[in-house]
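Everything below concerns the one structure shown next.
A short reminder: the numbers here are calculations on the coordinates, not readings from a lab. Note that the coordinates shown come from a computational prediction; the quantities given were computed from them, not determined experimentally. Note: ideal-geometry Cβ built from the backbone for every residue, glycine included; neighbour counts use all protein chains shown.
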Ligand SMILES: [Zn+2]
Ligand SMILES: [Zn+2]
């Protein structure tokens with residue numbers, strides 16, 4: 001038997017046993033085709049052919065994946081070829097398959113490679129930071145803008161993107177209420193990527209399919225945090241966040257305490273409540289985005305607010321009359 005026939009025999013006998021994630025699709029002299037698969041999303045198909053003077057020259061390798069990014073697959077093909085070159089004169093196929101399996105084990109973040117590239121493009125070099133931690137399958141994102149920072153860790157689960165990323169410990173010098181709202185909104189965004197909406201779908205809607213949640217959530221954090229320091233209160237037109245984070249109003253009862261309404265826009269507590277307390281009642285909307293205003297500290301119904309306002313007006317009139325009388 002020739003060299004290639006021997007190698008093919010060995011592959012048939014040992015490949016699936018020695019490389020558990022490998023499934024042989026075809027193993028003949030013209031081509032060896034195998035699948036390295038961990039999940040539907042972490043899957044690479046390798047097509048390998050013997051060149052003319054094999055094994056003295058490198059195996060011809062073509063990698064395919066429906067889910068890993070093209071750029072990643074191209075880079076991986078080059079690395080596989082370099083690896084095979086180290087073993088000229090010896091069988092190269094089993095080595096290549098083992099190398100691919102190892103790559104997927106050691107680089108769990110490969111499944112979000114193109115998302116990571118897109119996130120990086122939104123960051124400012126030397127200011128923001130994105131660190132990949134393959135060992136723990138997690139990503140550290142640090143956003144910095146005008147004396148404020150937002151650090152958050154994403155954990156990418158094995159079955160991503162069928163399962164959403166998990167958000168871990170956000171650190172920030174933004175006010176605690178903002179930290180809480182931003183974090184929860186990010187978490188909700190990730191959840192919505194993988195869970196169908198509660199609302200019954202319309203008959204013609206396509207069936208729900210989980211979407212990758214990393215880029216969407218990270219972009220939300222980046223865009224939101226970067227515009228916060230320049231956001232002004234819609235009423236007094238003053239910048240909401242002080243340039244010095246030390247000067248943030250911490251007392252929740254203070255009129256200058258910052259309040260974030262549901263749409264994400266900011267007000268001073270005093271400015272928001274003054275707006276809600278004055279007519280016209282019934283349809284209070286955010287002046288920036290037009291969304292209906294709701295806020296947990298303001299549970300007064302419109303009717304009640306209107307009555308209260310009328311009552312205050314009447315009282316003021318009475319006082320004015322009394323004053324007139326004495327003047
Ligand atoms: Zn204000
Ligand atoms: Zn708004």
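Of the residues 312, 56, 115, which exhibits the maximal mean-square fluctuation in a Gaussian network model of the chain defined by a 10 Å Cα contact cut-off?
Evaluated over the chain, the most mobile residue of the options is 312.
Okay, which of segment 228-245 sit inside 12 Å, backbone N to the point 7 Å along the Cα-Cβ direction of residue 270?
Those under the cut-off are 236.
Going by how many other beta carbons lie within 10 Å of each one, how would you line up 137, 243, 142, 110, fewest first?
243, 142, 137, 110
For a test of the definition: using alpha carbon positions, the gyration tensor, and the 1.5 limit on a/c, classify segment 169-240 as rounded, prolate or oblate.
Prolate is the answer for segment 169-240, as a/c is 1.5 or above and a/b outweighs b/c.
Let me check against my output: what whole-number percent is the relative contact order of the chain, with C-alpha pairs under 8 Å and at least 6 apart?
Over the chain, the number comes to 8 percent.
Considering the alpha-carbon set of the chain alone, what are its Rg and its Dmax in angstrom?
30.2, 121
What translational D, rounded to a whole number of µm²/s, comes out for segment 231-326 from Stokes-Einstein when the hydrodynamic radius is the Kirkwood one over Cα pairs, at 20 °C and 1.002 mPa s?
Calculated translational D: 142 µm²/s.
Quick one: order 128, 205 by neighbouring beta-carbon count within 10 Å, fewest to most.
The order, fewest Cβ neighbours first, is 205, 128.
Using square roots of five times the C-alpha gyration tensor eigenvalues, list the equivalent-ellipsoid semi-axes of segment 3-106 in whole Å, biggest first.
21, 16, 11
Could you give the length gained by full extension between residue 288 and residue 25, i.e. 0.36 nm per residue of separation minus their alpha carbon distance, to one decimal place?
88.9 nm is the gain from fully extending residue 288 to residue 25.
Can you give the helix-only mean residue ellipticity at 222 nm for the chain, where every DSSP H stretch with n ≥ 4 adds -39500 (n - 2.57) and the sum goes over all residues, rounded to the nearest 500 deg cm²/dmol?
Dividing the helical sum by the residues of the chain leaves -12500 deg cm²/dmol.
With each pseudo-label sitting 7 Å past Cα toward Cβ, what's the residue 256-residue 52 distance in nm, one decimal?
Result for the modelled spin labels: 8.2 nm.
Calculate the spin-label point distance for residue 5 paired with residue 120, positioning each point 7 Å from the Cα along the beta-carbon direction, and give it in nanometres.
Going by the 7 Å Cα→Cβ label model, 4.9 nm.
Please give the length that would be gained between residue 310 and residue 62 if that part of the chain were fully extended, namely 0.36 nm times their separation in residues minus their C-alpha to C-alpha distance (nm, one decimal).
Full-extension gain reported as 81.6 nm.
Suppose R0 equals 35 Å; then what is the FRET efficiency for residue 247 and residue 107 from their Cβ-Cβ distance, rounded to the nearest 0.05?
It comes to 0.20.
Using only C-alpha atoms and all pairs of different ones, pull out the Kirkwood radius for segment 111-261 in Å with one decimal.
Over segment 111-261, the inverse of the mean reciprocal pair distance is 17.1 Å.
Provide the FRET efficiency to the nearest 0.05 for the residue 16-residue 134 pair, computing r from the beta carbons and using R0 = 25 Å.
With a Förster radius of 25 Å, E is 0.45.
In which sequence would 67, 96 go, from the one with the fewest C-beta neighbours within 10 Å to the one with the most?
67, 96
Multiplying the sequence separation of residue 177 and residue 209 by 0.36 nm and subtracting their Cα-Cα distance, what value in nm do you get?
8.2 nm
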